[in-house]
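K.L.:
The structure follows.
What follows is calculated from the coordinates using simple rules that are stated; it is not laboratory data. Keep in mind the model is a prediction, meaning the values are calculated, not measured. As a convention, Cβ positions derive from the backbone with ideal geometry for all residues, glycine included, and neighbour counts pool all protein chains shown.
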Amino acid sequence: MEKLFGTDGIRGVANKSPITPEVMLVLGKVIASIFKEKGEKKRMKFLIGKDTRLSGYMIENALTAGLLSAGADVLLLGVLPTAAIAFLTKSLRADAGLVISASHNPAEDNGIKVFQADGQKLSGSLEEQIEYKVFNRETETESIRGKLIGKLERMQDAKGRYIEFAKSSIKSASLTGLKIVLDCANGAAYSTAPQVFSELGAEVVVLNKRPDGLNINLNCGALHPENMMETVKKVKADIGIALDGDADRVIVCDEKGNSIDGDQIIAICAVSMQKKGVLEKSGVAVTIMTNKGFDMAMEENGIHVVKTNVGDRNVIEAMRENGYVLGGEQSGHIIFSNNTTTGDGIISALQLLMIIKEEGKKLSELAKCMTPLPQVTTNIEVREKKEINSLQANEAITCAEKILGKKGRVLVRYSGTQDMCRVMVEGENKDDITKITNDIANAIQTEIGA
């Protein structure tokens with residue numbers, strides 16, 4: 001069967017299938033029909049929020065029309081972080097929440113994420129049902145007429161509700177005395193995030209807070225934190241915080257401008273929570289991309305590590321199965337399940353800031369709990385996604401694994417959201433693994449590069 005969903009919802013170039021008004025109209029109808037089948041209510045309610053992409057208006061209108069024509073009521077939330085929409089879906093007891101965003105992708109892309117009534121992402125089986133009905137155009141809405149057609153409203157206090165929720169995640173803690181450089185990536189958190197941190201007492205220097213529909217993630221945010229790191233040193237801040245386009249991930253830097261990725265943030269939080277006795281089952285869930293240095297740090301602190309495939313849904317599933325309250329990805333998707341149902345860059349940053357305040361230490365000191373092994377990652381744009389094992393480039397991968405032995409590793413995988421092949425090599429010597437990474441990347445580029 002054709003695939004509509006990737007590792008994190010539906011994504012693609014806006015105005016190119018499947019991210020077209022025509023497909024979005026059908027998608028709205030299908031989602032309404034499927035949730036009606038699984039629920040008992042006669043009248044359904046769906047929330048729709050979005051990031052700052054220009055194409056968001058087009059998609060929002062098409063999705064809304066589809067839902068309304070299927071007899072569902074729609075509440076428009078406007079521009080909000082992805083996690084805010086998940087929170088409001090659960091808080092307002094909606095049937096589902098739809099997020100229009102392509103997260104960290106460039107502005108020309110867009111996509112859809114769907115959250116169920118409990119704030120969790122769709123299961124694989126529900127995604128398959130939606131795919132089947134969309135591709136087969138199984139939409140029957142002609143019987144929805146008159147008063148059965150859905151109603152549309154705009155929610156005026158959505159932002160305020162989320163801000164109060166985010167602030168409550170660190171209880172009575174105050175951020176007074178902390179100076180923060182905050183990069184909003186011209187994205188969904190451009191208005192929300194500065195308010196959260198400043199209302200908690202922090203001095204906030206805000207970067208990239210003027211979205212124009214086309215500058216989301218453009219040389220800024222979690223994927224491009226260089227300006228944030230320089231600004232931290234320039235203004236003598238305590239920490240730099242960089243969010244991505246929909247604010248579901250966060251990357252930070254310490255007071256010296258040194259980058260601290262998701263692995264290190266999780267390590268700091270895990271060690272602190274373990275000391276306080278609040279790290280349930282003394283375990284964390286991470287992915288196969290996680291640095292080997294993380295494993296070593298967790299072992300030193302008596303913390304068990306469970307690894308999953310890439311994708312925060314996989315991490316959340318592992319957390320649920322093992323009874324863990326902390327998990328995440330190197331990329332900065334971090335889940336504190338006592339606070340959120342999905343990755344939330346703002347709340348993740350707040351948990352880290354609370355540790356800095358409570359322990360009275362600089363972030364550079366806290367980060368010493370983990371020593372990352374040198375790791376090099378590169379992306380190759382590909383024209384097709386053949387099985388990795390069937391590629392001639394697999395010879396270069398096998399050769400690299402023999403060279404590294406037990407002192408390193410090679411991971412080659414396709415992106416679930418873009419036409420990219422990602423090559424990650426880990427080892428003791430940065431120069432050696434850089435050469436190995438380039439050799440593998442060149443072999444893949446020659447064979448299936450775009």
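K.L.:
Given the DSSP H assignment, sum -39500 (n - 2.57) over each helix run of at least 4 residues in the chain and divide by its residue total; what's the result at 222 nm in deg cm²/dmol, nearest 500?
P.N.:
Working: 14 runs with 167 residues, N = 450.
Dividing the helical sum by the residues of the chain leaves -11500 deg cm²/dmol.
K.L.:
Roughly how far apart, in whole Å, are the Cα centres of segment 267-336 and segment 369-443?
P.N.:
23
K.L.:
Just tell me, in residue order, which DSSP H segments of the chain are both 24 angstrom or longer along the helix axis (alpha-carbon based) and at least 0.5 in mean Kyte-Doolittle hydropathy.
P.N.:
Span-like helices here: 21-38.
K.L.:
Over the Cα atoms, compute the radius of gyration (one decimal) and Dmax (the largest Cα-Cα distance, rounded to a whole number) for segment 184-227, in Å.
P.N.:
Answer for segment 184-227, Rg first and Dmax second: 10.7, 32 Å.
K.L.:
Here's something else I'd like to know. Can you give the convex hull volume per residue for the Cα atoms of segment 113-185, as a whole number of Å³?
P.N.:
Expressed per residue, the convex hull around the Cα atoms of segment 113-185 is 207 Å³.
K.L.:
Considering only Cα-Cα distances, which of the following residue pairs are longer than 18 Å: LYS3/LYS133; LYS256/LYS361; LYS407/LYS430; LYS90/LYS121; LYS171/LYS361?
P.N.:
In this structure, LYS171/LYS361 exceed 18 Å between Cα atoms.
K.L.:
Shifting gears a bit: Hey, what's the Cα Rg ratio for segment 361-416 versus the globular rule of thumb, 2.2 N^0.38 Å? All intermediate terms of the calculation are to be shown ahead of the outcome.
P.N.:
Working: Rg = 16.4 Å, N = 56, 2.2 N^0.38 = 10.2 Å.
Cα Rg divided by the expected 2.2 N^0.38 Å: 1.61.
K.L.:
Now for a different question. Using θ = phi - 60° and the Karplus curve 6.51 cos²θ - 1.76 cosθ + 1.60, what whole-Hz ³J(HN,Hα) does each residue of segment 281-287 get, with Gly and Pro shown as x?
P.N.:
6, 6, x, 9, 10, 9, 10
K.L.:
May I have the pair-distance distribution P(r) for segment 190-255, computed from all Cα-Cα distances with 5 Å bins from 0 and rounded to whole percent?
P.N.:
Going out from 0 Å in 5 Å bins, segment 190-255 shows 4, 17, 28, 28, 18, 4, 1 percent.
K.L.:
Next question, about the same structure. Tell me which trypsin sites (Lys or Arg not before Pro) from segment 155-241 have a DSSP coil assignment and no more than 11 other beta carbons within 10 Å of their own.
P.N.:
LYS171, LYS236
K.L.:
A further question on this structure: Whose amide H sits under 5 Å from the amide H of ALA72, counting only residues 5 or more places off or on another chain, with H placed in the peptide plane?
P.N.:
HN-HN under 5 Å from ALA72: GLY150.
K.L.:
Here is a further query. Return the tail of the calculated pair distribution for segment 41-95, meaning the percent of Cα-Cα pairs more than 16 Å apart.
P.N.:
Tail fraction, whole percent: 42.
K.L.:
Moving to a separate point now. Could you give the distance between the Cα centres of segment 89-135 and segment 1-68, to the whole Å?
P.N.:
8
K.L.:
How big is Rg to Rh over segment 339-449, alpha-carbon atoms, Rh as the Kirkwood inverse-mean-distance radius?
P.N.:
Details: Rg = 18.4 Å, Rh = 16.4 Å.
Taking Rg over the Kirkwood Rh, I get 1.12.
K.L.:
Shifting gears a bit: Please list, in order along segment 215-221, the HN-Hα scalar couplings obtained from phi with the Karplus expression 6.51 cos²θ - 1.76 cosθ + 1.60 (θ = phi - 60°), rounded to whole Hz, x for Gly and Pro.
P.N.:
Per-residue couplings from phi come out as 9, 4, 6, 6, 6, 7, x Hz.
K.L.:
Another question, if that's okay. Provide the percentage of antiparallel DSSP beta bridges, counting only those with both residues in the chain; round to the nearest 5.
P.N.:
Roughly 55 percent of the DSSP beta bridges within the chain come out antiparallel.
K.L.:
Can you tell me which of GLN264, GLN195, GLN330 moves the most in a GNM of the chain? Springs connect C-alpha atoms under 10 Å apart.
P.N.:
Of the options given, GLN195 has the highest mean-square fluctuation.
K.L.:
Quick one: which residues, 5 or more positions from TYR414 or on another chain, have an amide H under 5 Å from its amide H? H modelled 1.01 Å from N in the peptide plane, none for Pro or chain starts.
P.N.:
It is ARG422, by chain and number.
K.L.:
How large are Rg and Dmax for segment 225-365 when calculated on the C-alpha trace, in angstrom?
P.N.:
For segment 225-365, the Cα radius of gyration and maximum Cα-Cα distance read 14.2, 45 Å.
K.L.:
If you take the alpha carbon radius of gyration of segment 65-149 and divide it by 2.2 N^0.38 Å, what ratio comes out, to two decimals?
P.N.:
So the Cα radius of gyration is 1.20 times the expected 2.2 N^0.38 Å.
K.L.:
Moving on. Starting from the Cα coordinates of the chain, work out the convex hull volume and express it per residue in Å³.
P.N.:
In the chain, the Cα convex hull volume per residue is 139 Å³.
K.L.:
Decide, for segment 10-156, between rounded, prolate and oblate: order the square roots of the alpha carbon gyration tensor eigenvalues as a ≥ b ≥ c, take rounded if a/c falls under 1.5, and otherwise choose prolate if a/b is larger than b/c, else oblate.
P.N.:
Details: a/c = 1.41, a/b = 1.20, b/c = 1.18.
It comes out rounded by the Cα gyration axes.
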